[in-house]
Amino acid sequence: MAGDSRIVLVLLGPPGSGKGTQAKLLSDNFNLVHISTGDLLRREVAQGTDLGKKAKIIMEKGELVPDSLVNSMLKGEIKRQDSKNGFIFDGYPRNLKQAAQLDNILKQNKLDLSWVIYFKASLNVIIQRLSGRRVCEACGANYHITNMPPKVAGRCDLCNEELIQRKDDSKDSVRKRIEVYDEQTKDLVSFYEKQLKLRVVSGDLSAQEVFKEIDKILKK
Ligand code: AMP
């Protein structure tokens, strides 16, 4: 059977290009299930599972967690989630092998890839975003010390827990993550371009402006 009419989006772009912020806006506005492999891995780390223990050191260094671990975690998550309207994949795929795996997962679930949204962002914007990012470990909410500050400095608006800086947002990890992105993830841009699935947005714009661009793509 061919895929159904659900929306399936892949958000592609370097760390700090605004994928997570848009994923949240899109999932709220279009009622899509947001699947962030980074969030899922951080949850495993926080719960101290075997996968979390393996992933922790790799993530702190800014390297990629092995495909086999990420793929099986993702399959499990899709099974658990029931989405009438569709899915947003944020931070997955990260390389061509994962892209092939995503194709399989979509087929198995009778889903078709709608669009791959590529967030093109400049290096100085990425560094400014990541160095100012603060996160709530308890509920996963994201802030930025100047662009999107919490109401009370250092505290989460949603659950009042203390905000922290992700270990992999430190200078060395950021440098490594950008390097890994350039080496492995960039290939995906031409891969999806050839499939005529790629749509480019400017990750340097404000969250509202980027959302408007994506909204137009989805409503065309
Ligand atoms: P993110 O939150 O997307 O920036 O991901 C944080 C870290 O989690 C990355 O630097 C990787 O170590 C790991 N990670 C997230 N998604 C993947 C993936 N699809 N494949 C391998 N590692 C991943």
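Tell me, please, whether a residue that is open to solvent by 10 Å² or more (accessible area, probe 1.4 Å) and closer than 19 Å to Lys176 by Cα can be found in segment 76-89. Checking segment 76-89: not a single residue is open to solvent by 10 Å² or more (accessible area, probe 1.4 Å) and closer than 19 Å to Lys176 by Cα.
Listed here are the residues, each with its yes/no results for (1) in contact with a Ser or Thr (Cβ under 6 Å, 6 or more places away or on another chain); (2) free of Cβ contacts under 8 Å to residues at least 60 places away in the same chain; (3) of a type outside the set (Asp, Glu); (4) within 17 Å of Thr21 (Cβ to Cβ).
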site: Lys167; (1), (2), (3), (4): no, no, yes, no
site: Ser190; (1), (2), (3), (4): no, yes, yes, no
site: Ile214; (1), (2), (3), (4): no, no, yes, yes
site: Leu218; (1), (2), (3), (4): no, no, yes, yes
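Quick check: is even one residue across segment 126-137 open to solvent by less than 30 Å² (accessible area, probe 1.4 Å) and either touching a Lys or Arg at 6+ places or on another chain (Cβ under 8 Å) or hydroxyl-bearing (Ser, Thr, Tyr) (or both)? Yes - at least one qualifying residue is present in segment 126-137.
Of everything in segment 1-54 that is part of a loop (DSSP other than H, G, I, E, B) and among the hydrophobic types (A, V, I, L, M, F, W, C), the residue that is nearest to the ligand (Cβ to nearest atom) is Leu32.
Table: residues versus (1) of a type outside the set (Gly, Ala, Ser); (2) open to solvent by 30 Å² or more (accessible area, probe 1.4 Å); (3) assigned to a helix (DSSP H, G or I); (4) out of contact with any Leu (no Cβ under 8 Å at 6 or more places or on another chain).
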{"residue": "Pro150", "(1), (2), (3), (4)": "yes, no, no, no"}
{"residue": "Ser173", "(1), (2), (3), (4)": "no, no, yes, yes"}
{"residue": "Glu183", "(1), (2), (3), (4)": "yes, yes, yes, yes"}
{"residue": "Leu196", "(1), (2), (3), (4)": "yes, yes, no, yes"}
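Looking only at segment 100-120, residues that are among the aliphatic types (A, V, I, L, M) and either within 14 Å of the chain's Cα centre (by Cα) or open to solvent by 30 Å² or more (accessible area, probe 1.4 Å) (or both) come to 3 in all. If you go through segment 109-129 and pick out every residue that is under 20 Å from His34 (Cβ atoms), of a type outside the set (D, E, K, R) and not in a loop (DSSP other than H, G, I, E, B), you end up with 5.
Of all residues in segment 90-99, count the ones that are in contact with a Ser or Thr (Cβ under 6 Å, 6 or more places away or on another chain) and open to solvent by 20 Å² or more (accessible area, probe 1.4 Å).
1
The set of residues in segment 136-192 that are of a type in the set (Lys, Arg), over 17 Å from the mean Cα position of the chain (by Cα), more than 13 Å from the ligand (Cβ to nearest atom) and under 23 Å from Asn124 (Cβ atoms) contains only Lys171.
The values are calculated or read from the model by the stated rules, or taken from the named source; none is laboratory data. Everything numeric here is computed off the predicted structure, so don't read it as measured data. Positions of Cβ are generated from backbone atoms using ideal geometry, with glycine treated the same way; all protein chains shown enter the neighbour counts. Calculation scope for accessible area: heavy atoms of the full protein, side chains included, ligands and nucleic acids excluded. Shrake-Rupley method; radii C 1.70, N 1.55, O 1.52, S 1.80 Å.
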